[in-house]
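Taking it in order: structure first as structure tokens, then the write-up.
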Amino acid sequence: MKTLVIFKNYATIEKSQNQGGLLMIKIVLCDDEKEYLQILEFKLNMQMSVFNDDYEIIKFNNLSDLQEHLENNHCDILFLDIMVNEINSVDWSIENIKNKKTQIIFMTAFPEEAYALSESKFCYYIIKPRLTEEMLKNALSKALLNITKKDSNLTTIKIGHNSYTVNFQDVIYIESLNNSLKLHLVKGEMVIYSTLKDFQKNLPMNFLKVHKSYVINMNHITAFKPHKFTVDNGVELPIPAKRYGKITEQYESYIRNL
């Protein structure tokens, strides 16, 4: 079975069952109320099944364990209660959360505790007794959007009602097939109904058109010879003889200026 999806530039994608290239979203919850952690995890599972099938949720009920986790692990979205074991986590976050890409969603049952909120870098603010499905959906939407904005290599694709995050650097090369394109990923493939000319407008500078039918991610090139590039999955891609010198010069210039 294959599924139609929508890419960031609104081209239509045909996606195989192999979802290689999609990034796992790491979500961390921290609240000293264990019952609320369970409720929030349940609600997040409901929402994330719409946004992204590839995610992980980890729970903590104290800031010391949370800090140890953040020092050794990546976190995309952090749901953080403002008061954790009588410690104001807004002040704590300013001092201890060093990864600027982590999207912090503060939660509280008592709004008066949010006195230092304006000094922190937070994504969203939730009053726990008023939490609705719509509010949680909005919080996740904003967090996922911020994640894509913070890395020019990230974009989003939509599969039905589900939204996924994809990294351009997982694309090894792009192959033109009549009125569609095949994205050869580190894991898997995607077929996009778009012209190569239109799709190239959205690509980072490390993509090089080496043939009328191929655009290659120069970060995945392992060797070249007359008249072929070899990429790290072992595939050899043709280079027209008349353009071989110019194309390999562009590649070597890119390597020199990394």
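The values are calculated or read from the model by the stated rules, or taken from the named source; none is laboratory data. None of these values were measured; they are calculated from a predicted model. In this analysis, Cβ positions are derived from the backbone assuming ideal geometry, glycine residues included, and neighbour counts consider all displayed protein chains.
Some points to look at:
- Selection status of Asn219, of a type in the set (S, T, N, Q), assigned by TED's automatic domain parsing to the domain that holds Pro240 and in a loop (DSSP other than H, G, I, E, B): no
- Test: Leu203 is in a loop (DSSP other than H, G, I, E, B) and either within 22 Å of the chain's Cα centre (by Cα) or surrounded by 17 or more Cβ atoms within 10 Å (Cβ to Cβ) (or both): yes
Yes/no matrix, rows are residues, columns are (1) touching a Lys or Arg at 6+ places or on another chain (Cβ under 8 Å); (2) assigned by TED's automatic domain parsing to the domain that holds Thr102; (3) at pLDDT 75 or above:
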position	(1), (2), (3)
Glu119	no, yes, no
Ile126	no, yes, yes
Pro129	no, yes, yes
Thr132	no, yes, yes
Lys137	no, yes, yes
Leu140	no, yes, yes
Ala143	no, yes, yes
Ile157	yes, no, no
His161	no, no, no
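Residues checked against (1) assigned to a helix (DSSP H, G or I); (2) surrounded by 15 or more Cβ atoms within 10 Å (Cβ to Cβ); (3) without any contact (Cβ under 8 Å) to a residue 40 or more places away in the chain:
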site: Leu37; (1), (2), (3): yes, yes, yes
site: Val50; (1), (2), (3): yes, no, no
site: Lys59; (1), (2), (3): no, yes, yes
site: Ser64; (1), (2), (3): yes, no, yes
site: His74; (1), (2), (3): no, no, no
site: Leu78; (1), (2), (3): no, yes, no
site: Trp92; (1), (2), (3): yes, yes, yes
site: Phe106; (1), (2), (3): no, yes, yes
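- Among the residues making up segment 231-258, those that are farther than 16 Å from Asp170 by Cα and either hydroxyl-bearing (Ser, Thr, Tyr) or surrounded by 18 or more Cβ atoms within 10 Å (Cβ to Cβ) (or both) are Leu237, Ile239, Tyr244, Ile247, Thr248, Tyr251, Ser253, Tyr254.
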